[in-house]
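Written below as structure tokens is the structure these notes are about.
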Amino acid sequence: MADHVQTWRKKLRLVVLVGIAKQELESNKEITKVYEILEDEMQERWGFVADTKKRYLDDVKKILETNMC
């Protein structure tokens, strides 16, 4: 059961992060700046450590690449 909760939380967090990324990219911000904004959000909202931030950023990047094709 705990696995389902963690998966659900991760999906919700990714929805939030992808939404922020899309909004920032639409306002013509550089991708490096967008990643900085996402890292700040992850730290502020969820207190993620560097390794977790990197995994989430990789997931966001994959999602955005998939949606752009």
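Nothing in this text is a laboratory measurement; each read-out follows from the coordinates by a stated rule. If you're wondering where the values come from, they're calculated on a predicted model, not measured in any experiment. Every residue, glycine as well, gets a Cβ built from its backbone with ideal geometry; the counts of neighbours run over all protein chains shown.
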- [ ] Scan the stretch 25-68 for GluC sites (Glu not before Pro) in coil per DSSP, keeping those whose Cβ has at most 14 other Cβ atoms within 10 Å, and list them by number.
- [x] Glu30
Open item on the list: Quick check for me: using +1 on Lys/Arg Cβ and -1 on Asp/Glu Cβ, what's the dipole size of the chain about its Cα centre, in debye to the nearest 20?
Closed with: 240 debye
- [ ] Kindly put Tyr35, Tyr56 in sequence by how many other C-beta atoms sit within 10 Å of each C-beta, fewest to most.
- [x] Tyr35, Tyr56
Open item on the list: Compute the angle between helix 2-26 and the longest alpha-carbon principal axis of the chain, please, reported from 0 to 90 degrees and rounded to the nearest 10.
Closed with: 10 degrees
